[in-house]
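The structure appears below as structure tokens.
The values are calculated or read from the model by the stated rules, or taken from the named source; none is laboratory data. Given the structure is predicted, the values throughout are model-derived calculations rather than measurements. Cβ placement follows ideal geometry from the backbone for every residue including glycine, while neighbour counts extend to all protein chains displayed. Keep in mind that these areas ignore ligands, DNA and RNA; they rest on the heavy atoms of the full protein, side chains included. Shrake-Rupley method; radii C 1.70, N 1.55, O 1.52, S 1.80 Å.
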Amino acid sequence: LSAIVSFTALAYYLRLYPVLLYGWYINEFDPYIRFFMTEQMLKYGTIKGLLWWLHKGYGVVFTHFWYPWGTNWTIVLSPGVSWLGVLAYKVLSHLGFDLLQSVVLLPAIANAAVVPAMFYLGYRLGGKYVGLLAALWSVFTTMFLQRSTAGWFADAPLFQFFATLGLAFYIESLSRRDNYWLLFAILSALLNGINVWTWGSYVFLWNFYGLFTIVILLYLLIKIARRQTLPFAADRLIMTYVIVDLGFSAFITTTPRYGFHTLVSGMGGMANAALLFSIIAYLLIKLYPRFPRIMTTVVRYFLMALVVAVIVVIGLSFTSIGGKFLGALAPLARSAIVQSVAEHSPSSLQQSIYNVSITLPFVIYTILLSIMSLSLPAVLISLGSLAAAYFASSEVWLFMVLGVFWIPAAAYGFVKLAELTLSRRAMIGLSITALLGVVLAIALIINIQPALSMSIMPQQIVSTVTPPFPTPDWLDA
């Protein structure tokens with residue numbers, strides 16, 4: 001408890017540092033629009049303001065953007081960031097903070113909360129040492145700090161907290177042996193639904209949970225096709241997935257930016273194709289004990305049909321997916337407008353080391369352990385690390401998603417390696433464990449220096465852009 005409190009306090013201090021150095025300013029550009037929309041919602045109140053947004057602002061057009069035509073931000077943006085800004089103000093105003101100060105503080109507070117959330121995720125994955133190590137790294141990692149300091153009133157720092165806690169609740173639901181699993185499945189659905197309201201990259205999580213379920217069910221179907229005994233039941237797996245998928249779908253259909261059509265087009269079409277496959281596969285698995293001979297044949301034909309279906313779904317999806325999502329899936333398919341944005345560029349080796357340091361061996365060991373043990377939490381975190389690493393290498397901005405999976409995977413791999421070496425002969429085991437500790441320390445140190453540099457960067461309105469140096473030029477202008 002003392003370690004988690006200390007780590008969280010340090011995370012908050014690092015993320016608040018720009019305010020201590022330079023003052024109460026919103027950082028970057030888009031957050032100013034979020035702040036403007038927070039003011040609009042606040043005119044109606046906490047609940048009515050949200051309903052105003054969900055009803056497309058009752059057709060409001062803000063003509064001081066793209067003058068004279070204007071724009072309706074309620075159908076361009078999602079409501080989560082601005083609405084959470086309203087909630088933050090409602091709480092922090094009792095402590096004497098005004099609206100601007102509240103939205104400046106919100107990203108720092110939310111992202112510092114990733115630390116205890118990461119401990120919980122690591123703890124449910126592999127015990128308290130995995131949780132402590134994941135929490136410590138989440139204090140300093142550049143995958144979080146690059147857009148989570150005070151003033152970054154945007155989607156990433158909020159998404160990282162909700163995604164981490166939602167993933168932890170998902171694992172809790174899969175792991176529990178009592179009836180409380182349903183509560184954690186609902187909590188995961190709620191948090192992942194809030195992700196829909198905070199960041200467009202919710203589509204990664206939405207499709208990832210489907211991918212994970214498909215991989216596990218495919219394994220069970222192959223066992224059936226080979227007439228082998230199933231190692232575990234799929235009931236909890238499919239029920240948790242369906243509940244969480246319903247959470248995504250409910251928030252998507254009520255958000256003006258997305259709407260019902262999102263469920264059947266593009267990335268939404270892929271997610272719901274995964275849901276349909278999962279339900280059919282689950283029914284086949286449940287029928288297998290009653291009709292083993294018939295179902296063995298049916299499953300074999302189903303697996304063959306699946307190969308064709310996957311090719312068709314991917315082909316259709318590529319015709320309806322565009323922009324940065326298509327660029328992340330297939331880097332060679334990037335349009336010129338996507339390539340023109342720096343954060344959509346492919347990651348270099350230097351950027352990868354900058355973010356994940358030298359923790360790759362630990363993640364590889366986690367992946368190997370997940371294959372050998374077939375532990376659902378380990379498979380979940382391993383598959384997430386692989387998928388997020390692919391997309392982060394495709395578009396550099398997706399390192400902000402990678403941290404949610406990579407950090408607990410690296411912590412799990414290190415702890416399990418240390419346990420393995422310590423179980424050997426005393427002197428050899430201690431020596432190898434000490435060497436692993438040195439590697440881990442170097443990995444953390446590599447991350448700490450750039451993280452500290454990020455925490456002291458001035459907000460853009462009180463600085464030059466490159467290199468970041470405090471200057472009043474923008475304010476004077």
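For this structure, a couple of remarks:
- Between 0 and 90°, nearest 10: helix 399-422 axis offset from the chain longest Cα axis: 50 degrees
- In order along the stretch 112-119, the phi-based Karplus estimate (6.51 cos²θ - 1.76 cosθ + 1.60, θ = phi - 60°) of 3J(HN,Hα) comes to 5, 5, 4, 4, x, 5, 5, 4 Hz; Gly and Pro are listed as x.
- Rolled with a 1.4 Å probe across the full set of protein chains, the surface gives Y32 an accessible area near 90 Å².
- Solvent-accessible surface of the chain, averaged per residue with a 1.4 angstrom probe and all protein chains in place: 45 square angstrom.
- Percent accessible area from carbon and sulfur atoms, the chain, protein chains only, probe 1.4 Å: 71 percent
- Label point distance in nm, Y180-A9, each placed 7 Å from Cα along Cα→Cβ: 2.9 nm
- For the chain, the normalised intensity computed at q = 0.05 Å⁻¹ comes to -0.20 (log10 of I(q)/I(0), Debye sum over alpha carbons, equal scatterers, no solvent).
- Between the Cα long axis of helix 202-225 and the first principal axis of the chain there is an angle of about 0°, rounded to the nearest 10.
- What the pair-distance distribution of the stretch 347-477 shows, using all Cα-Cα distances binned every 5 Å from zero, is 2, 10, 15, 16, 16, 13, 9, 7, 5, 4, 2, 1, 0, 0 percent.
- Exposure check, 1.4 Å probe, all protein chains in place: K90 carries approximately 90 Å² of accessible surface.
- Solution diffusion estimate, µm²/s, Stokes-Einstein, the stretch 145-274, Kirkwood Rh from C-alpha pairs, 37 °C, viscosity 0.692 mPa s: 209 µm²/s
- The string of couplings for the stretch 121-137 from the Karplus curve (6.51, -1.76, 1.60, θ = phi - 60°) is 4, x, 5, 6, 7, x, x, 5, 5, 4, x, 5, 5, 5, 5, 4, 5 Hz, one whole number per residue in order, with x for Gly and Pro.
- With a simple spin-label model that places each label point 7 Å from the Cα along the Cα-to-Cβ direction, the separation between L452 and K48 comes to 5.1 nm.
- Taking 7 Å steps out from each Cα toward its Cβ at W24 and I279 produces label points 5.1 nm apart.
- The largest-to-smallest principal axis extents of the Cα set in the stretch 48-200 are 57, 33, 30 Å.
- Peptides 163-175, 436-448 ordered by average Cβ neighbours within 10 Å, highest first: 163-175, 436-448
- Against the chain, whose longest principal axis comes from its Cα atoms, helix 376-394 is set at around 50 degrees.
- Debye intensity ratio in log₁₀ form over the Cα atoms of the stretch 95-160, taken at each q of 0.12, 0.13, 0.29 Å⁻¹: -0.34, -0.39, -1.12
- Principal axis extents of the Cα atoms in the stretch 414-477, from largest to smallest and rounded to whole angstrom, are 69, 15, 12.
- Cα gyration tensor shape for the stretch 184-245, rounded if a/c is under 1.5, else prolate or oblate: oblate
- Seen from W73, the other residues with C-beta closer than 12 Å to its C-beta sum to a net charge of +1, counting Lys and Arg as +1 and Asp and Glu as -1.
- Rounded to the nearest Hz, the phi-derived 3J(HN,Hα) couplings of the stretch 233-246 under the Karplus curve 6.51 cos²θ - 1.76 cosθ + 1.60 (θ = phi - 60°) are 7, 9, 4, 4, 4, 6, 5, 4, 5, 4, 4, 5, 4, 5, where x marks glycine and proline.
- Converting the Cα gyration tensor eigenvalues of the stretch 146-195 into ellipsoid dimensions via √(5λ) gives semi-axes, longest first, of 27, 9, 6 Å.
- Cβ crowding within 10 Å averaged over residues, with 357-365, 104-112, 128-136 ranked highest first: 104-112, 128-136, 357-365
- Pairs of lysines in the chain whose Cα atoms sit within less than 26 Å of one another amount to 8, provided the residues are eight or more positions apart or on different chains.
- For M454, solvent-accessible area (1.4 Å; no DNA, RNA or ligand), Å²: 30 Å²
- A viscosity of 1.567 mPa s and a temperature of 4 °C, combined with the Kirkwood radius over C-alpha pairs in the Stokes-Einstein formula, give the stretch 38-124 a diffusion coefficient of 89 µm²/s.
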